[in-house]
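Bear in mind that the values in this text are calculations on the coordinates, not laboratory data. Given the structure is predicted, the values throughout are model-derived calculations rather than measurements. Counting neighbours? That spans all protein chains shown, and the Cβs are built from the backbone with ideal geometry, glycine included.
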Amino acid sequence: MADQDRVTSIADASKPNAGRIYDYVLGGNHNFEVDRLTAQQILKLVPDYPQMARYVRWFLGEAVRRLADQGFRHFVDFASGLPTVDHIHQITPAGTKVIYSDLDPVTVAYGQEIIKDLPGVRYVACEAGKPETLLNSPLVKEFFGTSRKVAFGFNGIAFFLKDEQIAHAMRTLYEWADEGSRLFLCDFDTDASLQMPEAMDLFKKMGQPVYWHTSQQLRRLAAPWREGEGFKPLEEWIGVAMRPEDKKTPFVDLLRGAILEK
Amino acid sequence: MSLASALLRERQDLLRAQLGSRLGELVFANRYALHPRRLAQLGAELSESFLGFLEDPAKVDALAKGQDLAREGIGARTIIAVAEALRSFCRQQLQDEAALLGPALDAAEEYGSRCLEGFMATQEALILKDQEQLRRALSSALESQSRELLVKNHAVNTSINGIMLTDLEGKVTWVNSSFLALWGYASAPETIGMPMTAFWAEEDARRAPDVLSSSGGWRGELLAKRRDGNSFPVEVSASLIRNEEGTAIGVMTSFVDATERKRLQAQVIQAQKMEALGQLAGGITHDFNNLLMAIGGFVQILLYQAPRDSRMHQDLMQIQSAVERGTGLTRQLRFFTRQTTGIRAVVSLNDAVRETWEILKHTFPPEIRIRLDLVPSLHMIEADPNQMSQVLMNLCVNARDAMMEPGSPPRGTLTIETENITLTAEKVSRYATARPGDFVAVRVRDTGTGIAAEVHDRLFIPFITTKSVRSGTGLGLAVVYGIVTNHQGFIDVHSVPGRGTEFELLFPRTLRKREGPEVEAVSGLVRGSGTVLVVDDDQQIREIMRRVLSDCGYTAISAGDGREALERFGRGIGIDLVILDVIMPALGGKECLAELRKRDPAVRVLVTTGYTSDGTAQEMLQHGALGIIEKPLDLKAFAAMVARYISSK
């Protein structure tokens, strides 16, 4: 489906949602029966999906901790999911301003409910592939003032986007941001040779087909962002390695993260 | 207890390390994704909390600690493991202190139990709270989605474009009200389930669904079929409807009635065609005019010389008559090509209609009824009254002919009506070349044979006539078109074969007041004296003017273009009047006039031209020329003009 043909996400509790499945495998309560049933199907095909999901979230925690230590106080996060435990606003020091965003309207509504009493946090609807809708909104200027030195979170979403969507988002964010800004993202370093037809089909049926990119492709798509420390395995970033016998699929080993620089 | 506490506090680092290690082992067992770095901190916090509890259970709220851990995302397995690690630590460190071990284990048990109790209670509350929050979020999202859907639904329903939804088999599943209005259906249920091909008049439209399925979208123009069987052109824009997975589930087609656009497009094409024809005819008319002028001029000269009762005089009269007919034709053509503007006076079309009626009532067959319907306070227009009369006469003659079928007695009604009309931006969109404003309309309507549809496009083209070769020149409507266009007006034609035709002419209203008409008397072939420089690139015209001027008593010298004229002018001969052509090679009339005035600001110049509507001649008047002599020359008028301007020196 062409980017412009994408159907705007709708609130539908009768259909499984990738975000709520992610919540379920992490032990959360923000999911419906249909999400849990689909999660069970996915877990049969990808038993280490919960570990993989944790690595993705840990990488967010890792990147945010590092960036907060470097003095970043403005964060814009895409495909945020539910800002429950160990999310940006819980990690960063007081006074930090965070804008979360997501495509799923239920997630957005929930996110807004969770952060409603927090003056330094906002949650808005935005598709990660079209960040301009968020960047051009009055909220950003109102919230951040004239400063555009920000840290962008583009974590665990690249595999749901096509090449042209990633390239567009990266270029848009780069052009908007001030010199010195950062962008952290993670993705699987693999290509179409990775055959997981049943799992792929499940995600496709949910309306969130998965697209593989190699790190080399991702580097090209992320240009002109500079690579910083490079695309490293998430285990290396976090310092926690799974036991080889617990690895049921190649996914965890394929996860790469990077903190890009402008 | 304080002794055990003191002993264990000495080994707090070990406890911290053991708890950290245990928490690390269970890094994947927590809810959400408690970061490993946070787990290390938690190990330290738990060791402090437990040792504090050991020292004084009243000072540490183990229940609250359990609650915090639940909120932080610690899993149930982890908290049980922590309690176990605390007991294990006590056993390890106090195995040789039997008196201290029992109470320490009891304290560890109690601390663990309270933690777990707090943890479980909070977990339960969190689950309920999360579920409630999720329910509220879903409800809020659904509500906002419902509002958005309502707006979208309303927008699609009330769109001025016709919209049709079909399934992949091409059966109608939904249509909006504009669709119903366009196709003439009373209600949507009448159309539901119908194949979309039922709404098309042309065979090729049936291919639209195939094109769509392969391309995902289609734009084009099709001929639609209304419920009553009538057809009309529509602009179609169709696209596949896809679900979230990207699978096609139907087709949405949007329609715009193209009737009006096509009509306007045809008007524009027609106007462009007429413009091109006008330019072509203009060129021919100009050359033909010059030829006629040369022939006519020499004939006039010869007529002055030939005895009136001679055979040659009679023959020359025949030639002159033919030239006059030819000149008449070119004069008419010049109206069409807009080479002549005529005069502009403030006139009432009612007067023009009444004058025409005076002629018609005596010349039209009595069986044709003539009806006038004139608005009493008709607005004024700026026009040439003679040209207005000619327009009306041409239209009325056509109307008469349409009511005189060969072999049948003439019959019918000719109606001429006038009206004040204000064209709004909306109304003006009916006409390709119109603009909004106040107009005066005159309509000439007959009840004759009407005009066949295939002739409509060629109606105003010169020399195309439906009449017999003898009765029509094919210039009548071309002249009407030229005159109306030249007056910034426009024409609308409505005709139904067998029922009649109506020509509606619209002229822009003027707010100027009517003045007395300027009547210019033309004298005879007046004689005079003085030196006249004739400048014209056409040798024959130059020769006629020179001959006439000589015959009238002037000294005439001539030049073939502007450059030659300047040479002659500079030779020290006293030139009283210059007759200067506008369009010439080498140096044109306008440039020549400027140079002449530089040399002699008092120079007297008359301009000759066959294109009075061309701005150049008018411009030359503003730059010091005294008047314009129109070609083809009327020798009497020419002589009078020369005498007038040379004598007013």
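Annotation for the stretch B:546-583: trypsin sites (Lys or Arg not before Pro) lying in DSSP loop with at most 15 further Cβ atoms inside 10 Å of their Cβ are B:Arg571. Between the residues B:Leu14, B:Met120, B:Ala306, the greatest Cα displacement towards the positive end of the dipole of the protein assembly as shown, with unit charges on the Cβ of Lys, Arg, Asp and Glu, is found for B:Ala306. Positive end of the dipole of the protein assembly as shown (Cβ unit charges, origin at the Cα centre): among A:Leu103, A:Tyr22, A:Phe203, the Cα lying farthest that way belongs to A:Leu103. Directionally averaged projected area (the stretch B:580-649, Cα convex hull): 4.7 nm².
Ranked by the mean number of other Cβ atoms within 10 Å per residue, highest first, peptides A:13-23, B:477-487, A:65-75 order as B:477-487, A:13-23, A:65-75. Pairs over the 20 Å Cα-Cα cut-off, from the set B:Lys225/B:Lys262; A:Lys44/A:Lys204; B:Lys361/B:Lys513; A:Lys162/A:Lys204; A:Lys149/A:Lys262; B:Lys427/B:Lys513: B:Lys361/B:Lys513; B:Lys427/B:Lys513. Dipole magnitude for the protein assembly as shown: about 2700 debye, using +1 per Lys or Arg Cβ and -1 per Asp or Glu Cβ, origin at the Cα centre. From largest to smallest, the equivalent ellipsoid semi-axes obtained for the protein assembly as shown from the alpha-carbon gyration tensor read 99, 35, 22 Å. If every alpha-carbon in chain B counts as one equal scatterer, what log10 I(q)/I(0) does Debye give at q = 0.09, 0.11 1/Å? Per q value, in the given order, log10 I(q)/I(0) is -0.95, -1.13. Relative contact order of chain B, taken over Cα pairs closer than 8 Å and 6 or more residues apart, is 8 percent.
Taking label positions 7 Å along the Cα-Cβ direction at both B:Glu619 and B:Met317, the computed distance is 4.7 nm, reported to one decimal. Within the stretch A:121-262, DSSP assigns beta bridges of which about 60% are antiparallel (rounded to the nearest 5). In the protein assembly as shown, taking the dipole from charged Cβ atoms about the Cα centre, the farthest positive-side position among B:Ala99, B:Asn420, B:Gly562 is held by B:Gly562.
All other residues whose Cβ lies under 10 angstrom from that of B:Ala441 are scored, Lys and Arg at +1 and Asp and Glu at -1, for a net of -3. Placing a label point 7 Å from the Cα of B:Ser408 along the Cα-to-Cβ direction, the residues of the stretch B:488-513 with a backbone N closer than 11 Å are B:498-500.
I'd like the antiparallel share, as a percent to the nearest 5, of DSSP beta bridges with both residues in chain B.
70 percent
Simple spin-label estimate for B:Glu48 and B:Met252 gives 5.9 nm between the two label positions (7 Å along the Cα-to-Cβ direction from each Cα).
Each Lys and Arg adds +1 at its Cβ and each Asp and Glu adds -1 at its Cβ; summed about the Cα centre, the stretch B:1-62 shows a dipole of about 280 debye. When +1 charges are put on Lys and Arg Cβ atoms and -1 charges on Asp and Glu Cβ atoms, the dipole computed for chain A relative to its Cα centre reaches about 320 debye. Placing R0 at 41 angstrom, the Cβ-Cβ distance between B:Glu169 and B:His456 gives a FRET efficiency of 0.50 after rounding to 0.05.
Which distance in Å, rounded to a whole number, links the C-alpha centroids of the stretch B:71-110 and the stretch A:55-124? Value for the Cα centre distance between the two parts: 36 Å. Per-residue shielding of B:33-44, expressed as the average number of other chain Cβ atoms within 10 Å of the residue Cβ, stands at 5. Placing pseudo-labels 7 Å out from each Cα toward the beta carbon at B:Glu426 and B:Asn243 gives an inter-label distance of 4.4 nm. Restricting the calculation to alpha carbons of the stretch A:13-261 gives Rg and Dmax of 17.1, 51 angstrom.
Of the listed peptides B:489-499, B:145-155, what is their order by residue-averaged count of other C-beta atoms within 10 Å, with the highest listed first?
B:489-499, B:145-155
Of all DSSP beta bridges confined to the protein assembly as shown, the antiparallel ones make up roughly 60%. Take each residue of peptide A:11-18, count the partner chain Cβ atoms within 10 Å of its Cβ, and average: the result is 3.
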